[in-house]
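Presented below is the structure to which this report refers.
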Amino acid sequence: MRITVSITQDTAAQARDQAANVTTSVRSALSSVDGIAEEDIKTSSISLYPKINYPMNGPEELVGYTYEQTMTVTVNDLNNNTLSDVLDTAVVTGGDDVRIDGVYVELSPELKRQTTDAARKQAVEDAKMTAQLLADAGGVELGVIKSMADSNISRPPPISYSPSIGDMAKEIARDVPTPVTPEDVEVTATISVEYSICNIA
């Protein structure tokens, strides 16, 4: 999941300093969650930009600077409450300064390989059944495979999470764990198979 600390202050230095303090606190709190190690928390992006106000009448105004630092947190076990604990810990610790940018579910490399291989085998079997059906309908004999092409992709579905803000968010996170039920990850294998055909004498 992606967690962003966003701070706006009068100066860039003030925004950076406060963001550093909040980020340190959030990282420390997250690393104390069962199932989360230091290496599971990575800095994925840092940005600093001026915050400009555009009034209806009059010139634009510089109102401060926003410093943002985004962390990617990897949760390896989705069969327990670790994901909920990470979300709630981030909200409780960071409060209004924290934004949850998204939760994404994906398979581990080994599990992805296993499920993709199984999908490939099923796709080849389905291709043969379809080819045989078409051959029977066309009154021809299905021959040997002339060529095969393989392409596959797995799509991790994003899970939206929009915590409330301020003290209400902290109380909600503290009293009622966030219910998170990850969607299934769909693994698709696309196999193109070309068969030869023979006329039935």
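Rule-based calculations on the coordinates, nothing more; no lab input. Computed from a predicted structure; not experimentally measured. Using ideal geometry, Cβ is built from the backbone for each residue, glycine included, and neighbour counts are taken over all protein chains shown.
Here are some notes:
- With the convex hull of its Cα atoms as the shape, the range 19-60 has an orientation-averaged projected area of 4.7 nm².
- Kirkwood hydrodynamic radius of the range 1-156, Cα pairs, Å: 20.0
- With 0.36 nm allotted per residue and the present C-alpha distance subtracted, the Glu141-Asp34 stretch has 32.5 nm of extension available.
- Cα-centre dipole for the range 1-71 with unit charges at Cβ (Lys and Arg positive, Asp and Glu negative), debye to 20: 60
- With each label modelled as a point 7 angstrom along the Cα→C-beta vector, the Gln114-Thr130 pair spans 2.8 nm.
- Highest mean packing comes first when the peptides 63-73, 103-113, 7-17 are listed by Cβ atoms within 10 Å, giving 63-73, 7-17, 103-113.
- Taking each residue as 0.36 nm, the span from Leu107 to Thr74 lengthens on full extension beyond its C-alpha to C-alpha distance by 10.7 nm.
- The range 34-146, dipole about Cα centre (Lys/Arg Cβ +1, Asp/Glu Cβ -1), debye to the nearest 20: 640
- Under 25 Å from Lys112, Cα to Cα: lysines that are on another chain or at least 8 residues apart: Lys42, Lys121, Lys128
- Ser25-Ser45 pseudo-label distance in nm [points 7 Å out on the Cα-to-Cβ vector]: 2.5
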